[in-house]
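Every read-out reported here was derived from the displayed coordinates using simple, explicitly stated rules and does not represent laboratory data. What you are looking at is a predicted structure, and each value in this text was computed from that prediction instead of being measured. Positions of Cβ are backbone-derived with ideal geometry, glycine not excepted, and every protein chain shown enters the neighbour counts.
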Amino acid sequence: MNQIKRFYSLGPPRSAKPSLADNVVYGTVEWYDKYQDAELEKVRYEQIKCSLDPRHDRRRRIGNLRLILPTSHIGDFIWTIYSECIVSDRVLNLFKDSGFSGFEARTSEIVRVRRLPKNERDTIPRIWELVTTGTAGDASPESGIRLLYRCPVCDYTRYSSFQEGIIVDAQQWDGTDFFTVKGYPSFTLIAERVKDLIVDHRLTNCAIIKATDLRWGKLPRPEEHPENFIPAEEGRPKTTCQLRTST
Ligand SMILES: [Zn+2]
């Protein structure tokens, strides 16, 4: 048998809600109340338009993050509503000094901290967006994650929900410390040594969950509603029988 590798999800404290995680290895959902999601200011996007189905239209951020923090608390991690991961200078240096791989640090800026006393403004740290670049390819089919649809025109993809958390296929993992699986780019996955470092340093405002303990929560499952993203004219099986309704 192969050596068992443990993989974890590194996410915002709100991902530690009981409906979204069976167990929480580190962090607390209470940090979500204390720090809250950062707001974005003047972010630039490029639009991606689909000529086949306007429901595939989407946008991709091209500018750097400029953040407004909603509370006067500044944690070691900062998260946006889209689960973009931002770290302070100190945390970035911890990661670099540990030789961690699988990420790029993008320039970001805190432009304002609400309710921060004037005399504490010089405590605002330099921050960096941590962009995950490592990959573990396709998640193991046992997780329930599979490609449901790829648009031939705009490359829009939808993957099915996970049933048993995200099960990483160690054969496809590139060995990086920060990585994602296909279909779930906003779920930052980390190797055990990253988890250990975060726990050892008691870094604040994050949640670490075993990847297999992630739970889907109350969101609709895409595989149950293919009509929401597959164009009708693409040969999707038409309803072949009508439900009889009694009058
Ligand atoms: Zn499309």
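Our note on the geometry: Cα centres of region 190-228 and region 125-139, 14 Å apart. Taking every DSSP bridge with both residues inside the chain, close to 80 percent are antiparallel.
When the chain is fully extended, how far beyond the present Cα-Cα distance does Arg60 get from Ser186, taking 0.36 nm per residue of separation?
Values: separation 126, 0.36 × 126 = 45.36 nm, distance 1.32 nm.
So the chain would gain 44.0 nm between Arg60 and Ser186.
Counting pairs of alpha carbon atoms under 8 Å apart in space and at least six apart in sequence, what relative contact order in percent does the chain give?
Values: 497 pairs, mean separation 68.8, N = 247.
Relative contact order, the chain: 28 percent.
If you plug the beta carbon distance of Thr123 and Ala232 into 1/(1 + (r/R0)^6) with R0 = 35 Å, you get a FRET efficiency near 0.05.
How high is the FRET efficiency between Arg114 and Leu219 when r is their beta carbon distance and R₀ equals 30 Å, given to the nearest 0.05? Could the numbers behind the result be given before it?
On the way: r = 29 Å, r/R0 = 0.97.
That pair, Arg114 with Leu219, gives E of 0.55.
For the pair Ser72 and Arg193, a Förster radius of 22 Å applied to the C-beta separation gives a FRET efficiency near 0.10, rounded to the nearest 0.05. Taking amide hydrogens as placed 1.01 Å from N in the peptide plane, the amide H of Thr135 sits under 5 Å from those of Asp174, Thr176, Thr180, each at least 5 positions away in sequence or on another chain.
Between Lys49 and Thr133, the simple label model (points 7 Å from Cα in the Cβ direction) yields a spacing of 3.3 nm.
Taking only the C-alpha atoms, wrap a convex hull around the chain and report its volume per residue in Å³ as a whole number. If you can, show how the numbers build up before the last one.
On the way: hull volume 46.0 nm³, N = 247.
In the chain, the Cα hull volume divided by residue count equals 186 Å³.
Note on region 7-228: Lys pairs 8 or more places apart or on different chains, Cα atoms under 26 Å apart, count 20.
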